[in-house]
1. Determine the calculated [θ] at 222 nm for chain A from helices alone, applying -39500 (n - 2.57) to every DSSP H run no shorter than 4 residues and normalising by the residue count; nearest 500 deg cm²/dmol.
2. Given +1 on the Cβ of Lys and Arg, -1 on the Cβ of Asp and Glu, and no further charges, what dipole in debye does the protein assembly as shown carry about its Cα centre, rounded to the nearest 20?
3. Roughly how compact is region A:20-116, stated as its Cα Rg over 2.2 N^0.38 Å to two decimals?
4. Enumerate cysteines in chain A without a disulfide-compatible partner, where compatibility requires another Cys Cβ under 4.7 angstrom.
5. Size of the dipole of region B:12-89 about the Cα centre, Lys and Arg at +1 and Asp and Glu at -1 on the beta carbon, nothing else charged, in debye to 20?
6. Multiply the residue separation of A:Arg132 and A:Tyr158 by 0.36 nm, subtract the distance between their alpha-carbon atoms, and state the gained length in nm to one decimal.
7. Quick one: of A:Lys52/A:Lys368; A:Lys97/B:Lys46; A:Lys368/B:Lys46; A:Lys20/A:Lys223, which pairs are farther than 31 Å apart, Cα to Cα?
8. Evaluate the Debye formula for region A:119-190 with equal point scatterers sitting on the alpha carbons, no solvent, and hand back log10 of I(q)/I(0) at q = 0.12 Å⁻¹, in q order, two decimals.
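The values are calculated or read from the model by the stated rules, or taken from the named source; none is laboratory data. Predicted model only: the values in this text are computed from it and were never measured. We place every Cβ from the backbone using ideal geometry, glycine too, and count neighbours over all the protein chains shown. Quick note on the areas: whole protein, heavy atoms, side chains included, nothing else; ligands and nucleic acids left out. Shrake-Rupley method; radii C 1.70, N 1.55, O 1.52, S 1.80 Å.
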Amino acid sequence: MRYSVFSLLAQALNGQKGWKPAWRDASPKDEYDVVIVGGGGHGLATAHYLAKEHGITNVAVLEKSTIGSGNVGRNTTIIRSNYLLPGNTPFYEWSLKLWEGLEQDINYNAMVSQRGVLNLYHSDAQRDAFARRGNAMRLNGVDAELLDRAAVRKLVPYLDYDNARFPVHGGLLQRRGGTVRHDAVAWGYARAADQRGVDICQNCEVTNIRVENGRVIGVDTTKGFVRAKKIGLAAAGNSSRVAAMAGLRLPIESHVLQAFVSEGVKPLIDTVVTFGAGHFYINQSDKGGLVFGGDLDGYNSYAQRGALPHVEHLLEEGMALMPMLGRLRVLRSWGGIMDMSMDGSPIIGTTPIDGLYLNAGWCYGGFKATPASGWCFAHTIARGEPHVLNAPYRLNRFDTGHLIDEKGAGATPNLH
Amino acid sequence: MRIVCPHCGERPVDEFVPYGAAGLKRPDASASTSDWLDYVYLRDNKAGMHGELFYHVGGCRAWLIVTRDTRTHAIAEVVAARDQRDAAR
């Protein structure tokens, strides 16, 4: 069924009785051209673009739990393309372009809202760094505006501008950035892929990857052996575990990142604001809750929950930026497992094993990258070689020293 | 999470700074690129028992090796990194 205003009206008159499930709950067949391991945003997007852009429809997405139960539903929903380094800027800008056309492409309301992303700066040195970043973006055709204190004050008057320790000096604004309803991204891609014949198999955990003579032949799952010509790994925080099934060690550590939502309030923040003196970002959901997050807990973790000292630290940062937050109650908090790579940039590409492709290392930045990640990964799997946009993200850049270290933090995954 | 420091006793985790996997062996300067790749970048990143360096910055300022289940944060063992190094000699 195609969703439109007419289908809505028809169902309204019909007592909402005619809606069909948005995708089939498939069981895996014996054999596929491509098996995607991981039914999160990136895996589902990959399946969609494999079918749509490359005509490869004999595809299964194998998910150990339910689709969208991982990081695609655990982030703070922000999209942006305000990157500095050459490998990053074109890739994330392509992602933002895909976001702009996503809802028409997949016929699903993902509530893409280009409400702007404002990065605050709090010192002269930080202003210079942001000016440089903004210039790099504009040279790549990305929109960026450097705002002074008065312009920021007009945009977001409710910040603490005269904080003695972290006064707001201005900000770098990307108006095309914004937020997207994250669950709808998983559901929309799942539905679009399903309509093109992709099998989405939930509660189907991959337990082994079979390799013969240096080439993949399939995966063992909790629902039996599935033969596959090509296998794409998109397992986010579990990437190291899944890759180990094929004998690969990755330049990745898994860490927990927490996010929070406050009780709902009337419209307050109509953009995304990030605090430049620490690590804190905040926006408001359409339901009214303030959605915010900050830094990693710092130690390796596969537990999808964080510790209280980090909650306290994050809320202190929030209070330094917006003292009014102290009047609100935090409604919920949750944790997601981040695949923190050694240079802070992702990996999309081939592996030393024929037919095995890797999509991992997304650090905090996975959600905004979902469309381009799926698009580039689909290209890489279909053609057997990366697209020019994801060529810099190859796995062997760590051997050759071609790192993309946006933060300049070195091989310290918990600091990226 | 609370860590029982061998010098200071049971302390909250925010007194400590984590510093990645313990037990990595720095290769000889003349070692091959792949040995260096292994040491600098590649990690086991296990879901399970994991040895990790913690610096007790808010206490004795010693380096500790904390062995912990990364799925539950249950701590099995805490030793001073220096003691483990001396025992290995």
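1. On the way: 10 runs with 116 residues, N = 416.
One gets -8500 deg cm²/dmol as the mean residue ellipticity at 222 nm.
2. On the way: 55 positive and 51 negative charges, 174 e Å.
With Lys and Arg at +1 and Asp and Glu at -1, about 840 debye.
3. Values: Rg = 15.3 Å, N = 97, 2.2 N^0.38 = 12.5 Å.
Rounded to two decimals, the normalised Rg is 1.22.
4. Result for chain A is A:Cys363, A:Cys376, no neighbouring Cys Cβ within the cutoff.
5. Numbers: 10 positive and 11 negative charges, 13 e Å.
I would put it at about 60 debye.
6. Details: separation 26, 0.36 × 26 = 9.36 nm, distance 2.71 nm.
Taking 0.36 nm per residue and subtracting the Cα distance, the gain is 6.7 nm.
7. On the way: A:Lys52/A:Lys368 21 Å; A:Lys97/B:Lys46 37 Å; A:Lys368/B:Lys46 27 Å; A:Lys20/A:Lys223 26 Å.
From A:Lys52/A:Lys368; A:Lys97/B:Lys46; A:Lys368/B:Lys46; A:Lys20/A:Lys223, over 31 Å: A:Lys97/B:Lys46.
8. Here log10 of I(q) over I(0) equals -0.44.
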